[in-house]
Amino acid sequence: MSDHDQLLVIVDPVARRSDGESVRIAKDVLFAGAEAKICLPDSPEEFSRALSRRGSRRPVVLGDDRALLRAVTLLQRDRAPLSLVPIGPPDALEVAHGFGVPRGAVAAARTVLDGAVRSLDLLVDDSDGVVLGELRVPAVPVPAAGPAPSVWGTCRSLVRTLVRPAPPFPGVLVHRLRVEADGVLLADVDAPVTAVTARPADTGRGRAEVTVHPSGPAAAPRRAVAGSLTVSGPDFRYRADGRTTGPVRRRTWTVRADGWGLTLPRGPQDAVGS
């Protein structure tokens, strides 16, 4: 980090409520190592205003994956780099840790000061939504919690199972979707699929790895590497970076090469003086 580098430390309100001690520790490390200004937004609007008024300061977000995603969404048009100190429960930090952001407030804050910015590719959809990690269409259904079945209910269920033919592939939902990668048709509505997944491929190449999972135990997945992905069909939801969106009937994602930058620990490829 340069001697002239100044930080804008934005503390997500969820982080302040969930783990104030980690927030305090991260602030102490950052303020001891750099000139920093702190911002404590109480709403998404205040979060957005703080980033838009950052000037030459480098933004540092203290929060979870949702805070990271919100920041990248706001900064991606400028391709502005940012840093993250992950604060939250483990299941809310899977994206950040997947990119290599250190666990623990002290290690992550030190990486903000001493790490290197890595340029990463980004999936951007036609509604300006972004995908940092993996995209899944449709979203994985989450079973609703209900009361425990009674003994008689279990017996009735068993009887219905015995008298009714079982589905060909129990537990697997199929979907009729049209899937195109760079305009090439990978699946159509007359050939049901169980899922479509995509994620940015090699950094800087502007390509995504797309996989179509056909229904049926013997059907092999169809794979493609493409710069754009279009999915259309009956109302569907999709899941990206732990967030479910929809329903929609059509959505196109385009890969933006080097679309954002994240401060990560230095590796052998990073020069000491950079």
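The values are calculated or read from the model by the stated rules, or taken from the named source; none is laboratory data. Note that the structure is a prediction, hence the values are computed from the model and not measured. Ideal geometry is used to build each Cβ from the backbone, glycine not excepted, and the neighbour counts take in all protein chains shown. Ligands, DNA and RNA are stripped out before the accessible areas are found, and what is left, the full protein with its side chains, is counted by its heavy atoms. Shrake-Rupley method; radii C 1.70, N 1.55, O 1.52, S 1.80 Å.
Some observations on this one:
- Taking the Cα centre of region 58-123 as reference, the dipole from Cβ charges on Lys and Arg (+1) and Asp and Glu (-1) amounts to some 220 debye.
- If you take the alpha carbon atoms of region 52-138 and fit the smallest convex hull around them, that volume is 105 Å³ per residue.
- Spatial extent of region 1-114: Rg and Dmax, with the Cα atoms as the point set, Å: 12.7, 36
- Within the accessible area of region 1-97 (1.4 Å probe), percent carbon and sulfur: 47
- Under 19 Å from a label point set 7 Å out along the Cα-to-Cβ vector of S18, the amide N atoms of region 60-83 belong to 60-73, 83.
- Between D28 and V117, the C-beta separation translates, for a Förster distance of 22 Å, into a calculated FRET efficiency of about 0.40.
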